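Report on the structure given below.
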């Protein structure tokens, strides 16, 4: 029996084996998580957010991940390339910064038109 990993905001759920990284699972589920380093914890682009209630579904944070996140883990951030699934878990993929900027600009333009 596999473990269920759900990706938000997509709402996709995939069944994975224990020890699978969130990044590998996202690829299998065809959910986009940005990365430049190929999963070596070098680029910090693959950050995901895990709520406290779901944090037990991931293995403990390793020293390399802790150093790279620099305190962001206290806000629920994990690196998808390093976080290994150990139980049912839901992760949120933050909005791409460029998409967020475009969305905000479009919202402002719509407000001006009203």
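Please treat every number below as a calculation from the coordinates, not as lab data. Please read these numbers as outputs of a predicted model, since none were measured by experiment. As a convention, Cβ positions derive from the backbone with ideal geometry for all residues, glycine included, and neighbour counts pool all protein chains shown.
Some notes on this structure:
- Adding -39500 (n - 2.57) for every DSSP H run of four residues or longer, then dividing by how many residues the chain holds, sets the calculated 222 nm ellipticity at -8500 deg cm²/dmol.
- q = 0.21, 0.22, 0.26 Å⁻¹, the range 1-82: log10 I(q)/I(0) [Debye, one scatterer per Cα]: -1.02, -1.12, -1.52
- Distance from the range 1-62 to the range 74-114 (C-alpha centre basis), Å: 14
- The shape of the range 1-44 comes out oblate: with a ≥ b ≥ c from the C-alpha gyration tensor, a/c is at least 1.5 while a/b does not beat b/c.
- Legend: calculated FRET efficiency, residue 106 to residue 30, from the Cβ-Cβ distance at R0 = 30 Å, rounded to 0.05, equals 0.70.
- Based on Cα contacts under 8 Å between residues 6+ apart, the chain shows a relative contact order of 33 percent.
- Fluctuation leader among 97, 60, 18 - the chain, Gaussian network, Cα springs under 10 angstrom: 97
- Fraction of beta bridges assigned by DSSP in the chain that are antiparallel (%, nearest 5): 75
- Residue with peak Gaussian network fluctuation, the chain [Cα springs, cutoff 10 Å], from 69, 98, 58: 98
- Residue among 68, 28, 99 with the largest mean-square fluctuation in a Gaussian network model of the chain, springs linking Cα atoms under 10 Å: 99
- Per-pair calculated FRET efficiency, R0 = 30 Å: residue 114 and residue 52 via Cβ, rounded to 0.05: 0.20
- With each label modelled as a point 7 angstrom along the Cα→C-beta vector, the residue 61-residue 43 pair spans 2.2 nm.
- Length available on full extension from residue 99 to residue 75: 0.36 nm per residue minus the Cα-Cα distance, which gives 6.4 nm.
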